There are 2 protein chains.
Amino acid sequence: MYDVKFELLKRDRWTGARLGRLTTPHGTVETPVFMPVGTQATVKTMTPEEVKGLGAEIILSNTYHLYLRPGADIVREAGGLHRFMNWDKPILTDSGGFQVFSLSDLRQITEEGVYFRSHLDGSKHFMGPKESMEVQQALGSDIAMAFDECVAYPASREEVEVGVWRTSKWAEECLKNHHRKDQAVFGIIQGGMDKELRRRSASEITSLDFPGYGIGGLSVGEPKEIMYRVLEDLQEHLPENKPRYLMGVGSPDCLIEGVKRGVDMFDCVLPTRIARNGTVFTTYGRLVVRNAAYARDFRPMDPECDCYACRNFSRAYIRHLLKADEILGMRLTTIHNLYFLIKLMHRMREAIANDQFEEMAVDFYTRYNSGKI
Amino acid sequence: MYDVKFELLKRDRWTGARLGRLTTPHGTVETPVFMPVGTQATVKTMTPEEVKGLGAEIILSNTYHLYLRPGADIVREAGGLHRFMNWDKPILTDSGGFQVFSLSDLRQITEEGVYFRSHLDGSKHFMGPKESMEVQQALGSDIAMAFDECVAYPASREEVEVGVWRTSKWAEECLKNHHRKDQAVFGIIQGGMDKELRRRSASEITSLDFPGYGIGGLSVGEPKEIMYRVLEDLQEHLPENKPRYLMGVGSPDCLIEGVKRGVDMFDCVLPTRIARNGTVFTTYGRLVVRNAAYARDFRPMDPECDCYACRNFSRAYIRHLLKADEILGMRLTTIHNLYFLIKLMHRMREAIANDQFEEMAVDFYTRYNSGKI
């Protein structure tokens, strides 16, 4: 296994925020980082050049989706996911575990893995740690994720405990079945909202000495305060010198609060999904640009933003495009939302470097919550 | 009325092909030219910069669509269509006539115009020459088209005759109701497939001395040979020093045959529409890249093409995107098809300049019809 190199460059004096650098076979990533999601080997609506142009240094792609379509063999024949989709920077693939549990039908979980039916055509499949590693090695991502069980929220203590047990067992299986030298595998910590089970999972998973750790099973419907508490408690139970990746989290406030609690990596479909539905982040809070209120509003979506969409198009035009189901509308809102988060991460890294992380956070929240759109 | 300046630079020695230059308030257009269609103030899937990047010098937009949504007043308030959609090169708007006849419901035609119901919400509207001119002046295109009646095919001689009569009457009304100095109005010649009625329409419309002429009512379902015959006959009945615009035509062979018969301008949704459905033009004929046959075909769509899509992505990847309903798939096929036609027009202009138009056409057809995809 290729040991993704993580350098911890700085720890914030007053918070848990960290500045780091992740080195992978396809280049270097400054952390904390937000990873745009390219579920089906494409960041929805965007070309790879555009994603790069926003400043993205790493993207995430989904093992479950690519396994079902086009199939791992086609991606391997293409020369791997990077060549297939023409993205030459780092890629992290999830394990497929989360999607198997959340998207597929008629699943049955055993000690070995999960029997499920495809959400596309109902066909029967099995995926466990071995199969997940096989697919991810065929995809050739820089960072593969261990196959885990993400328990729903709310769940009984027993369910969460079984999830922790299976996740640990499967983590070992993943390591046994992984052979690519140019790909790292990150372990995943589960344990629901339970402090003791989180610690148990952290202890078991980190004992396997992965080069990085995902924090799974959060942002699954629980109040944000609970997620923050879990992150807070988890901090001291994770090795300092390994990257920490909070899976599936991507609202501006959660990014800030995650970084504050020591998280180095994030991914989420939220910015791109709400963009396609006509909602954008702005300096002054969320804007539903699809609303009739903006039909004659010729200002940019975010007057403080210098993204391509805000430099060139008005709310009125983008609203028209969205109402008329024109793809350019979704492209412009997607560009804006991803740029917004990537710029926010950049701002956080600068603030940590300059010992001004908390001030930056206060400044961001003051404007973001002002409602002065 | 701004007199769009048309310079006839050269006439081909052996065919009717012409080389020209059209000067408009937003710049110059080399003819013969293909105009990409931006129905709803956007060339579907593309940014204005991308359209320019393909070499497009002028686009078409639709009066009927923009009148219904977002409404001409909003576009006017935005500062006109150019500013609304951020396209600073020439725009031609159609009159709305064709869409009123083909898209709307429950229409009733009178001497004054057409009563119709919106295809969007069933609301009642009226559009005649006066209304069409009002809307197009609000949009502020460089070239407006006269409001005409496009008769379906097949039609009785009487129907076609009435269409010719109305079109002439409305053409006069258009001129009376047009006042913008920075916008030209082109007349439209109707007359169905009937030689005598085409000549009558040409004679009546050209007597009004428009700065350019659309040839309407072709490519409405008739065999191509009939269209070619109509164009051939019409040539000598159109003034030499005015641009000739064959409306709604855009397959590679029709572009070549149109140019051969003296056409200077074309527009069509065909290249962008078939692109979104997964069909592309290639040097060796049409390719349905969506087909299963290309699932493992890692060659570019057109090996001879140097567009962005062909330089960077394989048939297998683009097929995957299309099958997975990913927008990038439609973007890449659209880019390719528009580039293909724009490059074909460029090749035709060069060939006319070099007295090699017929050789170029033979060369194109030999490869295009070879089926060697």
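The values are calculated or read from the model by the stated rules, or taken from the named source; none is laboratory data. As the structure is a prediction and not an experimental result, all values here were calculated from the model. Cβ: placed from backbone, ideal geometry, glycine included. Neighbour counts: every protein chain shown. These accessible areas exclude ligands, DNA and RNA; they are computed on the full protein's heavy atoms, side chains included. Shrake-Rupley method; radii C 1.70, N 1.55, O 1.52, S 1.80 Å.
For A:Arg83, are the conditions met, namely being among the basic types (Lys, Arg), under 17 Å from A:Val220 (Cβ atoms) and without any contact (Cβ under 8 Å) to a residue 40 or more places away in the chain?
Judged against the criteria, A:Arg83 is not a match.
In the set B:Ala56, B:Ala41, B:Ala17, which member is within 11 Å of another protein chain (Cβ to nearest Cβ) and among the aliphatic types (A, V, I, L, M)?
So the residue among B:Ala56, B:Ala41, B:Ala17 that is within 11 Å of another protein chain (Cβ to nearest Cβ) and among the aliphatic types (A, V, I, L, M) is B:Ala41.
Given A:Glu257, A:Glu225, which one is over 30 Å from B:Ala72 (Cβ atoms), free of Cβ contacts under 8 Å to residues at least 12 places away in the same chain and open to solvent by 10 Å² or more (accessible area, probe 1.4 Å)?
Numbers: A:Glu257 fails: free of Cβ contacts under 8 Å to residues at least 12 places away in the same chain.
Result: A:Glu225 is the single residue among A:Glu257, A:Glu225 that is over 30 Å from B:Ala72 (Cβ atoms), free of Cβ contacts under 8 Å to residues at least 12 places away in the same chain and open to solvent by 10 Å² or more (accessible area, probe 1.4 Å).
Please enumerate the residues belonging to the range A:103-154 that are small (Gly, Ala, Ser) and over 17 Å from A:Leu66 (Cα atoms).
Residues satisfying the conditions are A:Gly113, A:Ala152.
Looking at (1) surrounded by fewer than 24 Cβ atoms within 10 Å (Cβ to Cβ); (2) within 17 Å of A:Gly20 (Cβ to Cβ); (3) under 19 Å from the mean Cα position of the chain (by Cα), which one does A:Met265 not meet, given that it meets all the others?
(1) is the only condition that A:Met265 fails.
Out of B:Lys52, B:Lys44, B:Lys10, which single residue is charged (D, E, K, R), without any contact (Cβ under 8 Å) to a residue 40 or more places away in the chain and either open to solvent by 50 Å² or more (accessible area, probe 1.4 Å) or under 30 Å from B:His237 (Cβ atoms) (or both)?
The match here is B:Lys52.
Within the range A:197-219, track down each residue that is of a type in the set (A, V, I, L, M, F, W, C) and either within 21 Å of the chain's Cα centre (by Cα) or open to solvent by less than 10 Å² (accessible area, probe 1.4 Å) (or both).
Across the range A:197-219, the qualifying residues are A:Leu197, A:Ala202, A:Ile205, A:Phe210, A:Ile215, A:Leu218.
From the residues in the range A:147-196 that are of a type in the set (Ser, Thr, Tyr) and within 22 Å of the chain's Cα centre (by Cα), which one is most open to solvent (accessible area, probe 1.4 Å)?
The residue in question is A:Tyr153.
Return the total of residues in the range B:99-113 being open to solvent by less than 10 Å² (accessible area, probe 1.4 Å) and hydroxyl-bearing (Ser, Thr, Tyr).
Qualifying residue count for the region: 1.
Test B:Thr15 against the stated conditions and say whether it is in a loop (DSSP other than H, G, I, E, B), open to solvent by less than 20 Å² (accessible area, probe 1.4 Å), farther than 23 Å from A:Ala292 by Cβ and of a type in the set (Ser, Thr, Tyr).
Criteria not met by B:Thr15.
Filter the range A:124-146 for residues that are open to solvent by 10 Å² or more (accessible area, probe 1.4 Å) and assigned to a strand (DSSP E or B) and give the result.
A:Lys124, A:His125, A:Phe126
Here is a list of conditions, (1) farther than 19 Å from A:Pro243 by Cα; (2) at pLDDT 95 or above; (3) part of a loop (DSSP other than H, G, I, E, B), and A:Glu158 meets all of them except one; can you say which number that is?
(3)
Looking at this structure, is A:Asn337 within 26 Å of A:Phe98 (Cα to Cα), of a type in the set (S, T, N, Q) and surrounded by 19 or more Cβ atoms within 10 Å (Cβ to Cβ)?
Details: within 26 Å of A:Phe98 (Cα to Cα): yes; of a type in the set (S, T, N, Q): yes; surrounded by 19 or more Cβ atoms within 10 Å (Cβ to Cβ): yes.
So A:Asn337 fits the description; yes.
How many residues does the range A:87-98 contain that are within 14 Å of chain B (Cβ to nearest Cβ) and either crowded, with 17+ Cβ neighbours inside 10 Å or of a type in the set (A, V, I, L, M) (or both)?
Kept after step one, since they are within 14 Å of chain B (Cβ to nearest Cβ), are these residues of the range A:87-98: A:87-88.
Next, only the ones that are either crowded, with 17+ Cβ neighbours inside 10 Å or of a type in the set (A, V, I, L, M) (or both) stay: A:87.
Summing the residues that are within 14 Å of chain B (Cβ to nearest Cβ) and either crowded, with 17+ Cβ neighbours inside 10 Å or of a type in the set (A, V, I, L, M) (or both) in the range A:87-98 gives 1.
In the range B:114-123, which residue that is more than 22 Å from B:Arg166 (Cα to Cα) and of a type outside the set (Gly, Ala, Ser) is most open to solvent (accessible area, probe 1.4 Å)?
B:Asp121
Looking at the range B:202-209, can you tell me whether even one residue there is at pLDDT below 95 and farther than 17 Å from B:Phe101 by Cβ?
Looking for residues that are at pLDDT below 95 and farther than 17 Å from B:Phe101 by Cβ, one finds at least one in the range B:202-209, hence yes.
Yes/no per residue for (1) open to solvent by 40 Å² or more (accessible area, probe 1.4 Å); (2) within 24 Å of B:Phe340 (Cβ to Cβ):
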position	(1), (2)
B:Arg229	yes, no
B:Leu234	no, no
B:Lys242	no, no
B:Gly250	no, yes
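Considering only helices (runs of 4 or more DSSP H) fully contained in the range B:219-329, which possess at least 3 residues that are within 11 Å of chain A (Cβ to nearest Cβ)? Step through it out loud before you land on a result.
Values: elements: B:224-234, B:252-260, B:270-276, B:308-312, B:315-323.
Here the list reads B:308-312, B:315-323.
Is there any pair linking a residue in the range B:240-251 that is farther than 22 Å from B:Val220 by Cβ to one that is open to solvent by less than 30 Å² (accessible area, probe 1.4 Å), with Cβ under 7 Å and at least six apart or on different chains, and which?
B:Asn241/B:Phe6; B:Lys242/B:Phe6; B:Lys242/B:Pro211; B:Lys242/B:Gly212; B:Lys242/B:Tyr213
Kindly list the number of the only condition in (1) away from every other protein chain (no Cβ under 14 Å); (2) of a type in the set (S, T, N, Q); (3) open to solvent by less than 40 Å² (accessible area, probe 1.4 Å); (4) free of Cβ contacts under 8 Å to residues at least 40 places away in the same chain that fails for A:Asn62.
Of (1) away from every other protein chain (no Cβ under 14 Å); (2) of a type in the set (S, T, N, Q); (3) open to solvent by less than 40 Å² (accessible area, probe 1.4 Å); (4) free of Cβ contacts under 8 Å to residues at least 40 places away in the same chain, only one is false for A:Asn62: (1).
Can you tell me which residue within the range A:20-38, out of those that are over 30 Å from A:Glu232 (Cβ atoms) and either among the hydroxyl-bearing types (Ser, Thr, Tyr) or surrounded by fewer than 24 Cβ atoms within 10 Å (Cβ to Cβ) (or both), is farthest from the other protein chains (Cβ to nearest Cβ)?
Going through the range A:20-38, the residues over 30 Å from A:Glu232 (Cβ atoms) turn out to be A:25-27, A:38.
Within this subset, residues satisfying the condition of being either among the hydroxyl-bearing types (Ser, Thr, Tyr) or surrounded by fewer than 24 Cβ atoms within 10 Å (Cβ to Cβ) (or both) are A:25-27.
Values: A:Pro25: 21, A:His26: 17, A:Gly27: 18 Å.
Restricting to residues being over 30 Å from A:Glu232 (Cβ atoms) and either among the hydroxyl-bearing types (Ser, Thr, Tyr) or surrounded by fewer than 24 Cβ atoms within 10 Å (Cβ to Cβ) (or both), the top hit is A:Pro25.
If A:Leu68 satisfies all but one of (1) touching a residue at least 40 places away in the same chain (Cβ under 8 Å); (2) out of contact with any helix residue (DSSP H, G or I) (no Cβ under 7 Å at 6 or more places or on another chain); (3) away from chain B (no Cβ under 14 Å), what's the number of the condition it fails?
Of everything listed in (1) touching a residue at least 40 places away in the same chain (Cβ under 8 Å); (2) out of contact with any helix residue (DSSP H, G or I) (no Cβ under 7 Å at 6 or more places or on another chain); (3) away from chain B (no Cβ under 14 Å), A:Leu68 misses just condition (3).
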